[in-house]
1. Got a sec? How would LEU25, LEU72, LEU12 order by Cβ neighbour count within 10 Å, fewest to most?
2. Under a point spin-label approximation (7 Å from Cα along Cα-to-Cβ), what is the THR57-VAL70 distance to one decimal in nm?
3. Quick one: if you stick a label point 7 Å off each Cα along the C-beta vector at MET49 and TYR35, how many nm between them?
4. Mind listing the phi-derived Karplus ³J(HN,Hα) values for the stretch 47-52, rounded to whole Hz, using 6.51, -1.76 and 1.60 with θ = phi - 60°, and x for any glycine or proline?
5. What translational diffusion coefficient, in µm²/s and rounded to a whole number, does the Stokes-Einstein relation yield for the chain at 20 °C and a viscosity of 1.002 mPa s, taking the hydrodynamic radius as the Kirkwood radius over Cα pairs?
6. Given labels modelled 7 Å from the Cα in the Cβ direction, how far is it in nm from LEU25 to ASN9?
7. List the relative contact order of the stretch 20-65 as a percent without decimals, with contacts defined as Cα pairs under 8 Å and 6+ residues apart.
8. Enumerate lysine pairs in the chain that are 8 or more residues apart or on different chains, then count those whose Cα atoms are under 19 Å apart.
Amino acid sequence: MPSAYVLINCDLGSEENIIKEINLLDGVKEVKGTYGVYDIITRIESDDMNVLKDTITWKIRRMSKVRSTVTLIVIEGQG
């Protein structure tokens, strides 16, 4: 099943609201706030790679107060 981790940088103080918004999206399996270079990490799964990409591109990246993202597409069958 296609899956990805998305590392998110957001405006200071907006982390909790963004986490709540992301949790409402289909396919989201986990969302956590983090310390360090990135503010939030989320794990997303979908039966369809295009749906996965659309969720990241058109829903997460377009959220208000999301500054930038780094997406790590998981290699299926490895690990």
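Just so it is clear, none of the values below were taken in a lab; they were calculated from the coordinates. Remember, it's a predicted structure, so these values are computed and weren't measured experimentally. For neighbour counting, all protein chains shown are included, and Cβ atoms are generated from backbone atoms with ideal geometry for every residue, glycine included.
1. Ranking LEU25, LEU72, LEU12 by Cβ neighbours within 10 Å, fewest first, gives LEU12, LEU72, LEU25.
2. Going by the 7 Å Cα→Cβ label model, 2.2 nm.
3. 3.8 nm
4. 6, 10, 4, 5, 5, 4
5. Estimated diffusion coefficient is 171 µm²/s.
6. With each label point 7 Å from Cα toward Cβ, the separation is 1.8 nm.
7. 28 percent
8. Taking the Cα cut-off of 19 Å, the pair count is 8.
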